[in-house]
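S.K.: Have a look at this one before I ask anything.
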């Protein structure tokens, strides 16, 4: 069969048709591509933060480690004969919860000598300036988080409305390097820089005696990616991906029998506190499998977002 050449009109119609097919295919592919979550609005952030501010009873967790924080933002008091160490202060307006909790446990805020942090976000260091004033304690932080602390959050790269992330600036008395130890009254905490969630996020480790057994304890820095934050080509954090890669390798290598975290949900706080209240003979906090699961979950979320961003380029 002899095919006639298409007329110019027919060629034009075919071109329009094919262009439409190509555009439709591109649109469908874009629609099928997973979208990254955008930065939340002020209302969502306020509701989230408000849900974390309620008090919860303080308690001894294991050895000389005590929980003194609010229901959704953790604060840990590590007691020693020479004074105490406080890890994270929550929001400025949850500092009174810490004060009451410390006193209910039979200790004094004035005996807190060092204030440490997991990372320099408003919900974990927003109370640093006030707690430093109340206790006279020294504030210790990594170099990167010290900049954020002293800027009151303005130095942070999180793409949320500024009025939701700013807090009272806190003067840092001592810069902590990777692997540096903080010792007080025979107790030693070691700093492990695990950047990503913030540029200077720090996981702290220590050992405790639990029923005659030495346990390795890790205070997780957090390794999630806040909604709206880009991993690739982030002008405010060029080394984002490199830092997270190193952080996950470091966290996987840490020996850990017991772990705690900046938010209760990250270490199954409700369930473990309930078990603690029932007086179980084995510490509910001994959970090396939970630690591995926590790190694996955070790393998967990181790699999933990285894959989405690379596919979108």
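Throughout, read-outs are computed from the coordinates displayed, never taken from laboratory work. Everything numeric here is computed off the predicted structure, so don't read it as measured data. Glycine gets a Cβ as well: all are built from the backbone with ideal geometry, and neighbour counts include every protein chain shown.
S.K.: Using a Förster radius of 30 Å, what is the FRET efficiency between residue 48 and residue 309 based on their Cβ-Cβ separation? Nearest 0.05, please. Write down the numbers at each step before the final one.
M.R.: Values: r = 24 Å, r/R0 = 0.81.
FRET efficiency, residue 48 to residue 309: 0.80.
S.K.: Using only Cα atoms, find the angle between the long axis of helix 95-104 and the longest principal axis of the chain, and express it within 0 to 90 degrees, rounded to the nearest 10.
M.R.: Between helix and principal axis, roughly 40 degrees.
S.K.: Here is a follow-up. Using a Gaussian network model of the chain whose springs link C-alpha atoms within less than 10 Å, name the residue from 297, 43, 90 with the highest mean-square fluctuation.
M.R.: Of 297, 43, 90, the most mobile in the Gaussian network model is 43.
S.K.: In whole angstrom, and with the biggest value first, how far do the Cα coordinates of the chain range along each principal axis?
M.R.: Projected onto its principal axes, the Cα set of the chain covers 99, 40, 34 Å.
S.K.: Full-extension gain between residue 175 and residue 188, please, as 0.36 nm times their residue separation minus the C-alpha to C-alpha distance. Present the calculation step by step, with values, prior to reporting the outcome.
M.R.: Working: separation 13, 0.36 × 13 = 4.68 nm, distance 1.65 nm.
Computed gain between residue 175 and residue 188 is 3.0 nm.
S.K.: Extending each Cα 7 Å along its Cβ direction at residue 282 and residue 60, get the distance between those two points in nm, one decimal.
M.R.: It is 2.2 nm.
S.K.: Pairing the Cα long axis of helix 8-32 with the longest principal axis of the chain, what angle in degrees results, from 0 to 90 and rounded to the nearest 10?
M.R.: 10
S.K.: As a footprinting exposure proxy, order 280, 299 by other Cβ within 10 Å, with the fewest listed first. Each step should come with its number before you reach the end.
M.R.: Working: 280 11, 299 18.
Result, fewest neighbours first: 280, 299.
S.K.: Multiply the residue separation of residue 209 and residue 110 by 0.36 nm, subtract the distance between their alpha-carbon atoms, and state the gained length in nm to one decimal. The partial results should precede the final answer.
M.R.: On the way: separation 99, 0.36 × 99 = 35.64 nm, distance 2.59 nm.
Using 0.36 nm per residue and subtracting the Cα-Cα distance, I get 33.0 nm.
S.K.: Per residue of the chain, what 222 nm ellipticity follows from adding -39500 (n - 2.57) for every DSSP H run with n ≥ 4, rounded to the nearest 500? Spell out each step's value before the answer.
M.R.: Values: 10 runs with 117 residues, N = 313.
Taken over the chain, the calculation gives -11500 deg cm²/dmol.
S.K.: Hey, what D do you get for region 183-311 in µm²/s if you plug the Kirkwood alpha-carbon radius into Stokes-Einstein at 4 °C and 1.567 mPa s?
M.R.: Rounded, D is 81 µm²/s.
S.K.: For region 107-246, what is the largest minus smallest coordinate of the Cα atoms on each principal axis, given in angstrom and ordered from greatest to least?
M.R.: Principal extents (Cα only, largest first): 49, 34, 22 Å.
S.K.: Here's another thing I want to ask about it. Counting other C-beta atoms within 10 Å, which of 259, 114 has the fewest, and how do the rest follow? The partial results should precede the final answer.
M.R.: Details: 259 25, 114 21.
So the ranking, lowest neighbour count to highest, is 114, 259.
S.K.: In addition: Arrange the following residues from fewest to most other Cβ atoms within 10 Å of their Cβ: 123, 41, 173, 207. Before the final figure, lay out each step's value.
M.R.: On the way: 123 24, 41 11, 173 14, 207 17.
So the ranking, lowest neighbour count to highest, is 41, 173, 207, 123.
S.K.: A further question on this structure: Tell me, what is the FRET efficiency for residue 230 and residue 275 to the nearest 0.05, using R0 = 51 angstrom and their Cβ-Cβ distance as r? Mind showing how you got there, number by number?
M.R.: On the way: r = 40 Å, r/R0 = 0.78.
Efficiency computed from Cβ-Cβ geometry: 0.80.
S.K.: Could you work out the relative contact order of region 43-312, using alpha carbon pairs under 8 angstrom and six or more residues apart, expressed as a whole percent? It would help to have the intermediate numbers written out before the result.
M.R.: Details: 539 pairs, mean separation 38.1, N = 270.
After rounding, I find 14 percent.
S.K.: Of the peptides 219-227, 283-291, how do they stack up when ordered by the mean number of other Cβ atoms within 10 Å, highest first?
M.R.: Working: 219-227: 21.6, 283-291: 17.6.
In descending order of packing, they fall as 219-227, 283-291.
S.K.: Looking at the chain as a GNM with Cα springs under 10 Å, which of 193, 231, 134 has the largest mean-square fluctuation?
M.R.: 134
S.K.: Further question: I'd like the orientation of helix 240-253 relative to the chain: the angle between its Cα long axis and the longest Cα principal axis, in ° from 0 to 90, rounded to 10.
M.R.: The angle comes out at about 50 degrees.
S.K.: Okay, next question. For residue 133 and residue 293, calculate 0.36 nm times their separation in residues minus their Cα-Cα distance, and state this gained length in nm to one decimal. Before the final figure, lay out the partial values.
M.R.: Values: separation 160, 0.36 × 160 = 57.60 nm, distance 3.83 nm.
This chain segment gains 53.8 nm when fully extended.
S.K.: Compute the distance in nm between two label points, each set 7 Å from the Cα along the Cα-to-Cβ direction, one at residue 216 and one at residue 245.
M.R.: Inter-label distance under the simple model: 2.5 nm.
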